[in-house]
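This report concerns only the one structure given below.
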Amino acid sequence: SQKIEQNSEALNIQEGKTATLTCNYTNYSPAYLQWYRQDPGRGPVFLLLIRENEKEKRKERLKVTFDTTLKQSLFHITASQPADSATYLCALNMDSNYQLIWGAGTKLIIKP
Amino acid sequence: DVKVTQSSRYLVKRTGEKVFLECVQDMDHENMFWYRQDPGLGLRLIYFSYDVKMKEKGDIPEGYSVSREKKERFSLILESASTNQTSMYLCASRWTGMDNEQFFGPGTRLTVL
């Protein structure tokens, strides 16, 4: 069956360190992969999109990688801050479909 | 800034009631989406609309219907609410294009008693 996996357990990181979140998928060949941030009681907010022919994308302290061979995307936050604490969702786009296929998200906690 | 608003943040209804959830976006987006979000399951697509009066079923349309009479407004209707429809409901919109981001509303937490 088609599946997207993100770490279900919360990730605890010390402030200032790099946080790395994982998104693994099976049985898909996505054209795009998107990452969103969701704060408690709020809707997700778009962060980054990476295309299948891109290996890496950066935006300020954020970096996303996309390995279509491993079927994996990694999301990095460098110099993490307590304000980065949130749930991070990955979502896949197939090329011929309006839909995004969503992971369940990983809760990130940055400790001061 | 793009704004997506939802009619209620919190809603409590009784089993069997008809429930209307409304979503309005102010950026002239063609595509609009209704999701529900439950712990550990991620976002699941109920319905989406790629243009006015157009709608497509998502992964879990049973028990729901939608209406899009105007471009900016997308309504989700629970014809006869049931307790298993207790959930967070999220509306989103975007410009047409597979690589365009989705903009989300704040969500409606619906409890069906």
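The numbers here are math on the coordinates, done by the rules we state, and not lab data. Computed from a predicted model, the values in this text were never measured in an experiment. Virtual Cβ from ideal backbone geometry, glycine too; neighbours counted across all protein chains shown.
Computed over the alpha carbons of region A:71-112, Rg followed by Dmax gives 13.4, 44 Å. Are any of the pairs A:LYS3/B:LYS71; B:LYS3/B:LYS70; A:LYS17/A:LYS107; A:LYS3/B:LYS13; A:LYS17/A:LYS57; A:LYS3/A:LYS107 more than 22 Å apart by Cα-Cα distance, and if so, which? The pairs that break the limit, which is 22 Å between Cα atoms, are A:LYS3/B:LYS71; A:LYS3/B:LYS13.
Taking Cα centre as origin and charging only the Cβ of basic (Lys, Arg, +1) and acidic (Asp, Glu, -1) residues, the dipole magnitude of region B:2-82 rounds to 220 debye.
The Rg/Rh ratio for region B:14-113, using Cα coordinates for both the radius of gyration and the Kirkwood hydrodynamic radius, is 0.95. By other beta-carbon atoms within 10 Å, ranking B:PHE20, B:PHE33, B:PHE48 with the fewest at the front produces B:PHE20, B:PHE48, B:PHE33. Considering only A:LEU100, A:LEU48, A:LEU21, the Gaussian network model of chain A with Cα springs below 10 Å gives its largest mean-square fluctuation to A:LEU100. Near the amide H of B:GLY58, within less than 5 Å, lie the amide hydrogens of B:TYR47, B:PHE48, all on another chain or at least 5 residues away, with H placed in the peptide plane. Spin-label pair B:GLU62-B:SER8: with each label point 7 Å from Cα along the Cα-Cβ axis, the two points sit 2.5 nm from one another. FRET efficiency for the pair B:SER80 and B:ASP28, taken as 1/(1 + (r/R0)^6) with r the Cβ-Cβ distance and R0 = 30 Å, rounds to 0.35. Using all alpha carbons of the protein assembly as shown, what is the percent of pairwise distances in each 5 Å bin, ordered from the shortest bin to the longest? In order of increasing distance, the bins hold 1, 7, 15, 18, 19, 16, 12, 7, 3, 1, 0 percent.
For the pair region A:1-79 / region A:80-112, the C-alpha centres are spaced 6 Å from each other.
Remark on region A:1-59: ratio of C-alpha radius of gyration to 2.2 N^0.38 Å is 1.30. Scalar couplings 3J(HN,Hα) for region B:79-89, obtained by applying the Karplus form with A = 6.51, B = -1.76, C = 1.60 to θ = phi - 60°, are 4, 8, 4, 10, 4, 6, 9, 5, 5, 8, 10 Hz; x denotes Gly and Pro.
With contacts taken as Cα pairs under 8 Å at a separation of at least 6 residues, chain A carries a relative contact order of 36 percent. For chain A, taking the reciprocal of the average inverse distance between every pair of different Cα atoms yields a Kirkwood hydrodynamic radius of 14.1 Å.
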